[in-house]
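Here is the structure we will look at, set down as structure tokens.
The values are calculated or read from the model by the stated rules, or taken from the named source; none is laboratory data. Keep in mind that what you see is a predicted model, and the values were worked out from it rather than measured. In this analysis, Cβ positions are derived from the backbone assuming ideal geometry, glycine residues included, and neighbour counts consider all displayed protein chains. When the accessible area is computed, the model is the full protein with side chains, heavy atoms only, and any ligands, DNA or RNA have been set aside. Shrake-Rupley method; radii C 1.70, N 1.55, O 1.52, S 1.80 Å.
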Amino acid sequence: MNAENIKILEKLKAGNIEYAEKGMYTGNVCSAVRLKTAKEGQHPYAIVIACSDSREIPETIFNVGIGELFVIRVVGNVLDNHQLGSIEYAASHLDANLIVVLGHTKCGAVGATIAAHGGTDKYIKYIMEDIREAIGEETDDYKATVLNVKHGVKEIEQAFADHPEIESGELDVIGAVYDIETGRVEWLNER
Ligand SMILES: [Zn+2]
């Protein structure tokens, strides 16, 4: 991981500790920062791919405010061309170079895939197919969530390995699992 991204990761870790252990949210969402970012544009420093689950709120989890995270939320934090396009935009045009794939405990999409529920729904099936590819035959909820996050990390790394506008070594991708009970983030693949 490059030096700048290490600093950003440390900031996210510290923010999560503030949130989980001290029960605080002090992210800056005041009108001054709203007006400043509206006038000057956004410069988020990290990209977060999170589940749409209403219990997993990235800005709160990392104790940050307006203009800090470029968040992509989709059920099961799966990745398709729309999500990859969103990452590409944030990385190439906004210079956000740390990508966090943030799964969470008790994810309904992972659980439904394990139980093979909902596989015939018109559109949900596409999400479940992606999760099935990631988790294989794993039946443990937590282990499956970790596999799904790691699969996402690998997909992003492969998608941007030879990107014309992104220099090699600029982007770093890290997986994490958010515990919806404790509020803590477990980081999966630090190196
Ligand atoms: Zn979920």
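The figures follow:
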quantity: Some residue of the stretch 47-66 being in contact with a Cys (Cβ under 9 Å, 6 or more places away or on another chain), over 16 Å from residue 180 (Cβ atoms) and of a type outside the set (A, V, I, L, M); calculated: yes
quantity: Candidates 115, 90, 109, 144, filtered to the one that is among the small types (Gly, Ala, Ser) and modelled with pLDDT under 95; calculated: 115
quantity: Qualifying residues in the stretch 96-122 (those that are among the charged types (D, E, K, R) and more than 20 Å from the chain's Cα centre (by Cα)) - the one least open to solvent (accessible area, probe 1.4 Å); calculated: 121
quantity: Within the stretch 79-95, considering residues that are within 13 Å of the chain's Cα centre (by Cα) and polar (S, T, N, Q), the one farthest from the ligand (Cβ to nearest atom); calculated: 86
quantity: Residue within the stretch 137-157 that is basic (Lys, Arg), over 30 Å from residue 21 (Cα atoms) and touching a helix residue (DSSP H, G or I) at 6+ places or on another chain (Cβ under 7 Å) present; calculated: no
quantity: Test: residue 157 is assigned to a helix (DSSP H, G or I), open to solvent by 30 Å² or more (accessible area, probe 1.4 Å) and at negative phi; calculated: yes
quantity: Search result, residues across the stretch 48-63 that are touching a Phe, Trp or Tyr at 6+ places or on another chain (Cβ under 8 Å) and either open to solvent by 10 Å² or more (accessible area, probe 1.4 Å) or in a loop (DSSP other than H, G, I, E, B) (or both); calculated: 56, 60, 62, 63
quantity: Residue within the stretch 129-149 that is surrounded by 13 or more Cβ atoms within 10 Å (Cβ to Cβ), in contact (Cβ under 8 Å) with a residue 60 or more places away in the chain and within 14 Å of the ligand (Cβ to nearest atom) present; calculated: yes
quantity: Output for the stretch 1-12, where each listed residue is under 17 Å from the mean Cα position of the chain (by Cα) and loosely packed, with under 14 Cβ neighbours inside 10 Å; calculated: 6, 10
quantity: Boolean, residue 184 is open to solvent by 50 Å² or more (accessible area, probe 1.4 Å), in contact with a helix residue (DSSP H, G or I) (Cβ under 9 Å, 6 or more places away or on another chain), closer than 26 Å to residue 17 by Cα and at pLDDT 95 or above; calculated: yes
quantity: Residues of the stretch 71-117 that turn out to be in a helix (DSSP H, G or I) and of a type in the set (Val, Ile, Thr), as a count; calculated: 5
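Matching residues to (1) in contact (Cβ under 8 Å) with a residue 60 or more places away in the chain; (2) open to solvent by 10 Å² or more (accessible area, probe 1.4 Å); (3) within 14 Å of the chain's Cα centre (by Cα):
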position	(1), (2), (3)
20	yes, yes, no
33	no, yes, no
36	no, yes, no
41	no, yes, no
46	no, no, yes
67	no, yes, no
70	no, yes, yes
73	no, yes, yes
77	yes, no, yes
